[in-house]
1. Divide by every residue of the chain the summed helix terms, -39500 (n - 2.57) for each DSSP H run of at least 4, and state the resulting mean residue ellipticity at 222 nm, rounded to the nearest 500 deg cm²/dmol.
2. Relative to the longest principal axis of the chain, what angle (0 to 90°, nearest 10) does the C-alpha long axis of helix 103-117 take?
3. Modelled label-to-label distance, I10 and N51, 7 Å Cα→beta-carbon offset: nm?
4. Any chance you could check the Cα centroid distance between region 1-56 and region 142-208 for me, in angstrom?
5. Taking the Cβ-Cβ separation of I69 and F207 as r and a Förster radius of 25 Å, what is the calculated FRET efficiency to the nearest 0.05?
6. Given points 7 Å out from each Cα along the Cα-Cβ axis, report the R101 to L172 separation in nanometres with one decimal.
7. For region 15-74, just list the percent of Cα-Cα distances falling in each 10 Å bin from zero outward, please.
8. Send over the semi-axes of the chain's equivalent ellipsoid, whole angstrom and largest first, taken as the square roots of 5 times the C-alpha gyration tensor eigenvalues.
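Just so you know, all these numbers are worked out from the coordinates, no wet-lab data involved. Note that the structure is a prediction, hence the values are computed from the model and not measured. We place every Cβ from the backbone using ideal geometry, glycine too, and count neighbours over all the protein chains shown.
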Amino acid sequence: MLKTSVAKKITMALSGLFLVVFILVHLGINLTLLLPGKETFEKAVHFMATNPFIRIMEPILFIAFIYHIIMGIYLELTNRSKRSVGYAKYDGSAVASWASRNMIWTGLFVLLFLIFHFYNYYIPFKTGHVESHYDLVTGLFDKWYYTLFYVLAFIALGIHLSHGFQSAFQSLGVPREKCLRFLKISGNIIALVVGLGFSIIAIYFYFN
Ligand code: HEM
């Protein structure tokens, strides 16, 4: 029982860290939207659509997302019913941080965002004839409610990562005493870069 619970935490951590890598790459590509002209973003989209390595990674990415979501919900439910050992609430303080106590809610909000996100971008990108990817992506932020919803989701994602990043390494057995401070700082930096980076794109195109 203990063994399988540990295995679940480890795979949860590995899938989470894989998703962090994807999110950083995704952010890097999306930031090209802020460069002058539309060409750089169009080139990046073309590269992503045609590069064989990216094509292979796409199904793996989807599996990682689905696994992470299902296992996150499962671990939350088993923790609640106290049938399992508690999941990675490793905070040093007696009272765990707000982010660590609300991983399920920030996670579910990001899931809601992903459903809209697929409807907004992924499906039109894959199925429709898109004349300008740049116009399609930036056009969404003409609407205040989408800009607001996206920015709230990016804040939720930042909060999720601020705890998730350090928690993942601790689930993988990185020693607390030596590394906790470093992991907390790097997790917070990643959370800030991701939350702010994506938000800047949405807000920029809302006002321009
Ligand atoms: C301003 C913020 C964002 C913009 C403009 C944006 C834009 C896009 C676009 C245009 C696509 C379609 C790409 C393609 O099929 O080639 C896409 C796909 C996707 N996005 Fe985002 N995205 C943003 C934020 C996010 C965030 C925060 C997440 C994760 C929580 C995310 C997760 C995904 C996933 C999983 C896909 C499908 C995988 C792929 O084919 O790349 N996106 N996004």
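1. When only DSSP H runs of four or more count, the value is -26500 deg cm²/dmol.
2. Its long axis makes an angle of about 20 degrees.
3. 3.0 nm
4. Using only Cα atoms, the two centres lie 14 Å from each other.
5. According to the calculation, E is roughly 0.15.
6. Roughly 2.9 nm, to one decimal.
7. Percent of Cα pairs in each bin: 21, 43, 27, 9, 1.
8. 33, 18, 16
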